Structures are given as C-alpha cells and as structure tokens.
Amino acid sequence: MAEYLSGNFKSLINRNISFLWVGQLISQAGDSITHMAVIWLMLDLTGSPSLTGFIAFAATAPALIFGLFSGVLADHYRRRTLMLISDMTRFLLILLIPLTYSLGHLSPTILALLVFVIASFGTMFNPARDAIIPELVQESHLLRVNTLMQSTGYLAYFVGLFGAGMLLNAVGIVNLFFLDAGTFLVSFIMILLISYPRPTQKKQTYESRHLAELKKGLQYVLVQDRRLFWLIIITALNNFFIMGPAVVGTPLLVKQVWNGGGQDFAFVESTYGIGMLLATFFVYRYASKYKKGTWLMLALIYDGLTYIPLYLVGKIGVDPFWLTVSIIFIHSLGIPFIQVTRTTLIHAIVPGNMQGRVFSMINLAVVGVMSISVALTGIIAEWVSPGAIFLFIGIGAALSGLAGLLRSDIRNSD
C-alpha cells in the first residue's frame, strides 16, 4: 500500500504543491494547538461553559461576518498574496497572547478580542488556498491532490495536539502559543517560495466594486446551479448540529463528566487526526469510483450517528478516557469523505473564476454557522449535560444528511 501511494502521489507533486504542502503541514499543526489551547485556557480562567462557548464564538464569528467578502478577494486578487498577508498577520497577533498574559493583562475579554482579530485575518486564507490548487495542478489530479492536502491537515492535527499534550505539563498552556506563532512564520516562507504565472482569468472584465461581485456569486449559486444552493444549506445544517458540541461539548465532557485535565483533552482531540488520516486512504482509493454527492451525503449521516454514543461516557462501566477516544476515532473516519469529496465536487462543477466565492460560501456554512452553534452550546451546557447534548445533535446531524441523500440532483452530482 505504501508503494502504491508513494508512486501515485509522487507523480502529482510539483514544486509549488510541495511548498504549499509543507507550509500547511506545519501551520495547521500550530492551528490545532491554538484550537485546543484557547478553549482550555478560557475554561481554566473562568470555569464557565457559556464563556467557553463565547471564546469559540469569537474564533468563528469572523467567518460569518467576513466570509463571503473573502471569496470575492480570492477571485479578484492574487491568491498567493492574500495567503501571505493572512499568515504574517496571524504570526504577529498570536504572539500577543502569551506576551499579554506575562504582563498580567490577559482577561477573558482581551483573549476573545485577540482571537476574533486573528480569525478575521484567517478568513481570507482558506478560500484563497482552495481556489489556488487548480492553478497549480492538472484537472485530472484534483481529487488526489485534494486528498493529499486534506490528509496533511489530518496529520498536522494529530501531531500538533499529541505534541501539545506531551508538552503541556512541561511548558504550560500559555507558552504553547509561541510555538503556534512560529508555525505561521514557516507557512509564510513556504508560500513566498511559490511561483506561478498570473492566471488569465484575472483580466479586468468585472465590476470594480466588491458588493457587485458578491451579488454575482450569490446569483450563480441561487439561480444558475441550484445544486450548490442545496449543498450549502445541507452543509450549514450539519455543522449547526455538529460543530458546537464538537468544539465546546468535548472539553466540557472531559472536565465535567470525568474530571480530566488539559493533557487529557489534547490527547482526546488528537484522536481525530489519527482516524481522519487513516480514512484518507479509502477516499483516495474509492471515492473517484462513485458519485461524489452520494459519498458526501452518506458521510454526513455517519457524521451524526457516530456522535450519539458519547452520551454513554461516564454512564457505563468503561474507562471514560478510552471510551471517549474510541468513539471519536470511529466518528473521525467519516470526516475525510465529507471534506475531500465536497472540495473536489466544487472544483468539478464550478468555473474557476467563481470558485473563491463558492468556497467562501462553503466556509461560511461550516465556520460561520459554527459560530452560532458554539455560542448556543455554551449557553445550553449551563443546564444540560454534555452527554445529552451529543445525543440530540447526533440525531439532527444525521437527518440533515438524509435530507440531502433524498435529493436526486445532490445524490447524482459528480
């Protein structure tokens, strides 16, 4: 299997993809550290589920506010430049978290403000990165390159969180932010080394005002290709149910149900990376043989159903740490079938000059809706146990995938 993957991926990799791959591997490892450290730091500072939900809201609200405009930027400015600006700004801003803490000024409000600004500059990165890939590789290689890039994120997620768990007791949670900042600097350097001709689609044949360009993108989704409209709606519904409990409910499950610590949380979260990385082989091997829309909807159903067993943590005679890890591992196996097939489907059915805007709408449906979900989860968790939250959201998320599977235009999209 290793020789098979090595031979096929080797034929896909060019100089630019290599630099992008290395930069994403390192910066996404740092991202996973921040994801864990910010949530646990707020929980340690306040002990409040609602404030933990608030910090998660601060990290995701920028996608809701600025997400669509970031797609316009990705379609009409050089994508490499946008990625460089995003990485350098986040490098500088993340350094302010440990520096402010060392001066004794890191309150929950200041932490939330810093996280909000960092995430605001981050909104321009993902649409630009996703839309730049077709400019760097042949169309026939898109599924496999997208699989490679997604697997990079999964490997980075595991390495970052497992490494954070190993380092946490030695360096303290605040000092992990220095490591995270450094990863964005490395990513900046890697992207700086990418060199490719400016695409011909960048000619000045569009209205100069961003609002007009945003309107054109919305019209394309709402009128010209209704599959995209339903794809975005179903993605939004799934993430409304899933993401709040995943981001806020998991640390509450660790801390409140079985009295775990930050190290336990880091190790539990790193399990996602292992499962997702293993599952990418099956995406790479089989996803191109069947309709991508069918794969996507089945994966959304699986996504919801496999969260339901977290309701049992702390209620049966099984060690809660290992039960949580086992359930999350099983759940994580379906995530690549969502992310890789959705990205490749958009590359296949959306014209290149619209991809930035469509990816920004998908990002809005994922991260923007997540901002609402995490805030509500934090509030609900003041009265409802984390296990019960996972039970109800799992059912809702599975139903959203079933709704998409019942639509023939979505099911047959490829």
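The values are calculated or read from the model by the stated rules, or taken from the named source; none is laboratory data. Quantities reported herein were computed from a predicted structural model and do not represent experimental measurements. Note: ideal-geometry Cβ built from the backbone for every residue, glycine included; neighbour counts use all protein chains shown.
Some observations on this one:
- The single condition among (1) closer than 17 Å to LEU310 by Cα; (2) surrounded by fewer than 20 Cβ atoms within 10 Å (Cβ to Cβ) that ILE372 does not meet is (1).
- Of all the listed residues (VAL254, VAL248), the sole one being in contact with a Ser or Thr (Cβ under 6 Å, 6 or more places away or on another chain), assigned to a helix (DSSP H, G or I) and not aromatic (Phe, Trp, Tyr) is VAL248.
- Set side by side, the residues PHE125, PHE116 differ, and just one is aromatic (Phe, Trp, Tyr), in contact with a helix residue (DSSP H, G or I) (Cβ under 8 Å, 6 or more places away or on another chain), closer than 30 Å to MET354 by Cβ and at pLDDT below 90, which is PHE125.
- Of all residues in the range 85-102, those that are among the hydrophobic types (A, V, I, L, M, F, W, C) have Cβ atoms under 8 Å from Cβ atoms of residues that are not in a helix (DSSP H, G or I), 6 or more apart or on another chain, in ILE85/MET124; ILE97/LEU106; ILE97/VAL174.
- Failed criterion for GLU269 (all others in (1) at pLDDT below 90; (2) within 15 Å of ASP414 (Cα to Cα) hold): (2)
- Residue within the range 403-411 that is surrounded by fewer than 24 Cβ atoms within 10 Å (Cβ to Cβ), modelled with pLDDT of 90 or more and under 24 Å from GLY273 (Cβ atoms) present: no
- The number of residues in the range 252-273 being over 22 Å from the mean Cα position of the chain (by Cα) and of a type in the set (A, V, I, L, M, F, W, C) comes to 2.
- Complete set of residues in the range 97-113 that are aliphatic (A, V, I, L, M) and surrounded by fewer than 19 Cβ atoms within 10 Å (Cβ to Cβ): LEU99, LEU103, ILE110, LEU113
- One residue from ILE346, ILE301, ILE338, ILE362 being in a helix (DSSP H, G or I), within 23 Å of the chain's Cα centre (by Cα) and modelled with pLDDT of 90 or more: ILE301
- Of the residues making up the range 304-334, those that are part of a helix (DSSP H, G or I), aliphatic (A, V, I, L, M) and surrounded by fewer than 22 Cβ atoms within 10 Å (Cβ to Cβ) are LEU305, ILE308, LEU312, LEU323, VAL325, ILE327, ILE330.
- ILE85 vs. criteria under 22 Å from VAL171 (Cβ atoms) and either part of a helix (DSSP H, G or I) or aromatic (Phe, Trp, Tyr) (or both): no
- ILE338 being surrounded by 20 or more Cβ atoms within 10 Å (Cβ to Cβ) and either acidic (Asp, Glu) or within 20 Å of PRO251 (Cβ to Cβ) (or both): no
- Taken over the range 55-104, residues that are over 19 Å from SER371 (Cβ atoms) and among the small types (Gly, Ala, Ser) amount to 3.
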